[in-house]
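The values are calculated or read from the model by the stated rules, or taken from the named source; none is laboratory data. In this text the structure is predicted, and so the values were computed from the model without any measurement. In this analysis, Cβ positions are derived from the backbone assuming ideal geometry, glycine residues included, and neighbour counts consider all displayed protein chains. Heads up: the accessible areas ignore ligands, DNA and RNA and are worked out on the full protein's heavy atoms, side chains in. Shrake-Rupley method; radii C 1.70, N 1.55, O 1.52, S 1.80 Å.
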Amino acid sequence: MKSVSFSILFFVFLFNFNAQSNVTLSGYVKDTANGEMVNGCNISADGVKFSTQANSYGFYSITLPAGKYVFKFSYNGYDTKNLTLDLKETKNLNIELTQTAAISTGSAKVTKKKDNAVEKVDMSVNNLSIGQIKKIPALFGEVDIVRSIQLLPGVTTVGEGASGFNVRGGNIDQNLILLDEAPVFNSSHLFGFFSVFNPDAVKDVKLIKGGIPAIYGGRLSSVLDVRMKDGNNKKFEVNGGIGLIFSRLSIEGPIKKNKASFVFAIRRSYVDALVKPFVQKNPDLKEAIFYFYDLTGKVNYNINKNNKVFISSYIGRDVFGAPGAKFDWGNTTLTGRWNHIFNKKLFLNTTLYYSNFSYGLGFKNNSASFDWNSTIRNTSLKTDFSYFINTKNTLNFGVVSTYYIFKPGNATSKDNGVSVNFSLPEKFSLETAIYAENEQKLLKKLTIRYGARFSNFEYIGKGTEYILEDNPIPGQPKVIKERKKYNKGEVIKTYNNLEPRFSANYLFSKNASIKLGYNRMAQYLHLISNTAASVPLDVWTPSTNNIKPQLADQIALGYFKNFGKTMDYETSIEGFYKEMGNQIDYIDGADLLLNTELETQLLKGKGRAFGLELYLKKNVGKLNGWVSYTLSKSERKVVGINQNSWYANRFDRRHNLNIIATYSISDRLSVSGNFVFASGTPITLPSTKYSVGGLQNVPQNPNDKRNNVRIPDYHRLDFSATLKGKKKPRWEGEWVFSIYNAYARKNAFSIYATPNFKNNNTPTIVRYSVIGTVVPAISYNFKFK
């Protein structure tokens, strides 16, 4: 560790020594209206071949020979700012950008937005602003971040009502979901119908599917980086909305103008209150409760020009209950950040965060009761440096350490005063990583980013190590050969992995480029679930001596091009191939819950996924939106399953088509629509039947085929219309009318066989749909400033 740190510092010193005759322009890029940082802003200078970008905290630095320059600051959704400066010495300068104003086009006003994705070395990256997300028709008219990213290429879900999402053949636990840098382990409210992110508190959303930078680690498939607002530091503002399912309210403003600010947002569903009058006469439902809520808050303070501190938090919970039963789950996160500028080139971000996901389940009947709760907690400290060496090189490096506590099950039952404890022991682990990565402009047209992440994982005591031996019959439970006890803090098992990263961008012209990306990822946490879709009762577990870390190698190649009179069309074609090792599957009839010998029920295999993603996006004009199409295949191969042959993943969808369009009819009225088509996901059904003794037509799968049938294709059409109220000095309001599933498609979530005892036990195929009808909705959104 010390030798790596010394090498990085020497590298930094070497570049700095060779650049003493240059001057540096640095500072923050902010939004003029509210003082929010503009992350990723592109900065270039006339007469200089190379440009640079502000980092993910809005800080920029550009070093060049002394002289007179015209600097250009540009970012998607903002007016480009040109600034003429005669740089004779190093200078600190904060830049404010103005969001692009609506421009008249006939009877409507539209927003002109451009993106510089062609020029960036990033690939397999999708950025969505809250403004874009709000235009997408949604279930019950409620803006939803997770359901919005499911409309992007390479992203799928197993169906409506399913928690999470799948990216390029990966499972839902293989996505690193971050809220202000703290991981979120369950991203859904109401069993997957809504996400935990309150749009009124979110600034921007970035999804990274490939070419993943070295700063990220711990998951195989993707990174969903959700950044919260810092809070308007110039004036107070109130945002809110009233819908059919829940209402929301946010308040933001300066604590001290241009010095400190805050944002606080709250949501609460009220389905329970709406239906209560209708169930009062039903004794089973009279006392029923079912609601969710979340609180999101953030404060920041500018200590001085070189130091800023931020504190943000999220608390959310779903609560369901009926007489004799209760079920609740939720996330809690707390993040503290310190940004420090050492000098005009070196930037530091230090983050300390805490994250907790827990759920509880309970039943009570007369003198008997059962209570069960489970938790995964982690605390992490990380330090990230950005060193803007010169216009050709930007070096990012840092270190992170995370401590995990797993409580897989704390369960007790009582019957007539007799208590039985089914609790499982806690598990503990420590994950540490160090990374370094340089973005280098080798030529005017060629930019590369190269680096590596070295991760170390320790499974530690207090705990028990189970030494297993394989069952001679493939696909059957393993046999425990020996048990070893470890005291608190003793290391049970250690894993180390080197994770190289590489990306390249070659510009054919200023509007066309080809990109290449490679990344190796290691994942030390595992979600234990054998259901069709993840549910809150699923259990997280660390890597152990028997559960190996998941590994993935992915390579992607893409062509990117902008075209049109004003370059308002973005297109990309990306192909990817991914191999995954140490993938978990389960023996038939696996016992996963409250099982101290869980590891005997698990099988280890490998996976692969490959595909082609097409993307066309229009940013300018009365009509805008995007079209995405993905052709892909995702498979697993596990000894003891499917005759040891490759089989399709439960979440494999061969074809995915998404069409999203928004049309501005007038200054006040706009309409939107989206169409979704996806191939059916695979399931396992009996292929034959037999009769024996007095039993007839007994279903059977004689060849042990896994996922041998696909459910029907999924398709859906949605519409929405937004009508803005007449402008008032301090009040803005709008009505949103939406229709979800416009032609009432009964999309199958699953299909299963059940015996029909009235027909000689002949199996009946049952098709289960979560939403099988049209869902109209109306909501009202407002802003007071």
Check: In terms of solvent-accessible area of protein heavy atoms at a 1.4 angstrom probe, what is the ranking of Asp415, Asp588, Asp553, highest value first?
Finding: Asp588, Asp415, Asp553
Next item on the list: Might you work out the accessible area of Leu361 for me, using a 1.4 Å probe with all protein chains in place, and round it to the nearest 10 Å²?
Entry: 30
Next item on the list: Return the subset of Lys203/Lys510; Lys618/Lys746; Lys135/Lys256; Lys229/Lys259; Lys30/Lys305 for which the Cα-Cα distance in this structure is over 23 Å, preserving the input order.
Entry: Lys203/Lys510; Lys618/Lys746; Lys135/Lys256
Next item on the list: Round to the nearest 10 and give me the degree value, 0 to 90, for the angle of helix 2-17's Cα axis relative to the longest principal axis of the chain.
Entry: 20
Next item on the list: Leaving ligands, DNA and RNA out of it, rank Tyr78, Tyr768 by accessible area with a 1.4 Å probe, largest first.
Entry: Tyr768, Tyr78
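Within 13 Å, Cβ to Cβ, of Asn186, how many net charges do the neighbouring residues add up to if Lys/Arg are +1 and Asp/Glu are -1?
That sum, taken over residues with Cβ under 13 Å, equals -4.
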Note to self: Heavy atoms of the protein only, probe of 1.4 Å, neighbouring chains included. What is the accessible area of Trp338 in Å², nearest 10?
What the structure shows: 100
Item checked: Within the accessible area of the chain (1.4 Å probe), percent carbon and sulfur -> 58
Notebook entry, point to check: In deg cm²/dmol, rounded to 500, what helix-only [θ] at 222 nm does the chain give when every DSSP H run of at least 4 residues adds -39500 (n - 2.57) and the total is split over its residues?
Noted result: -1000 deg cm²/dmol
Checklist line | Eligible aspartates and glutamates near Lys81 by straight Cα distance, threshold 20 Å, same-chain separation 8 or greater | finding: Asp31, Glu36, Asp46, Glu96, Asp115, Glu119, Asp568
Notebook entry, point to check: Semi-axes of the chain's equivalent ellipsoid from the Cα gyration tensor, sqrt of 5 times each eigenvalue, largest first, rounded to whole Å?
Noted result: 44, 33, 27
Checklist line | Under the Karplus curve 6.51 cos²θ - 1.76 cosθ + 1.60, θ = phi - 60°, whole-Hz ³J(HN,Hα) for segment 497-511, x wherever Gly or Pro sits | finding: 9, 9, 10, x, 9, 7, 9, 8, 9, 10, 8, 6, 7, 5, 10
Notebook entry, point to check: Roughly how much of Ile473 is accessible, in Å² to the nearest 10, using a 1.4 Å probe?
Noted result: 100
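Please state the equivalent ellipsoid semi-axes for segment 470-523: what are the square roots of 5 times the Cα gyration tensor eigenvalues, largest first, in whole Å? Mind dumping the intermediate values first?
Values: eigenvalues 455, 78, 9 Å².
Over the Cα atoms of segment 470-523, the semi-axes work out to 48, 20, 7 Å.
If you take every DSSP beta bridge fully contained in the chain, what fraction is antiparallel? Give it as a percent rounded to 5. Show your work: numbers first, answer last.
Details: 340 of 350 bridges.
Just about 95 percent of them are antiparallel.
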Notebook entry, point to check: Under a straight-distance cross-link criterion of Cα-Cα below 24 Å, which lysines are reachable from Lys462, leaving out those fewer than 8 residues away in the same chain?
Noted result: Lys407, Lys427, Lys478, Lys481, Lys484, Lys485, Lys488, Lys493, Lys548
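Restricting to Cα pairs below 8 Å that are 6+ residues apart, what does the relative contact order work out to for the chain? Please round to a whole percent.
Values: 2223 pairs, mean separation 85.1, N = 785.
Taking the mean separation of contacting Cα pairs over the length of the chain, I get 11 percent.
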Next item on the list: Please list the non-local residues whose amide H lies under 5 Å from the amide H of Lys493, H modeled 1.01 Å from N, same-chain partners needing a gap of 5 or more.
Entry: Tyr459
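Roll a 1.4 Å probe over the protein chains and send me the accessible area per residue for segment 386-512 in Å².
51
I need the calculated FRET efficiency for the pair Ile751 and Asp713, taking r as the beta carbon distance and R₀ as 22 Å, to the nearest 0.05.
On the way: r = 13 Å, r/R0 = 0.58.
FRET efficiency, Ile751 to Asp713: 0.95.
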Checklist line | Equivalent ellipsoid, segment 487-621 (semi-axes from 5 times Cα gyration tensor eigenvalues, Å) | finding: 42, 19, 13
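Determine the sum of side-chain charges near Phe406: Lys and Arg each +1, Asp and Glu each -1, restricted to other residues whose C-beta is under 13 angstrom from that of Phe406.
Values: positive: Arg377, Lys407, Lys427, Lys462; negative: Glu426, Glu431, Asp538.
Net local charge, Phe406 excluded: +1.
Take the cross-link list Lys206/Lys308; Lys308/Lys441; Lys345/Lys441 and give me the ones stretching past 19 Å between alpha-carbons. Could you put the intermediate results ahead of the total?
Numbers: Lys206/Lys308 23 Å; Lys308/Lys441 30 Å; Lys345/Lys441 17 Å.
Where the Cα-Cα span goes over 19 Å, the pairs concerned are Lys206/Lys308; Lys308/Lys441.
When only the heavy atoms of the protein chains count and the probe is 1.4 Å, how do Phe73, Phe385 rank by accessible area, highest first?
Working: Phe73 0, Phe385 50 Å².
Result of the area sort, largest leading: Phe385, Phe73.
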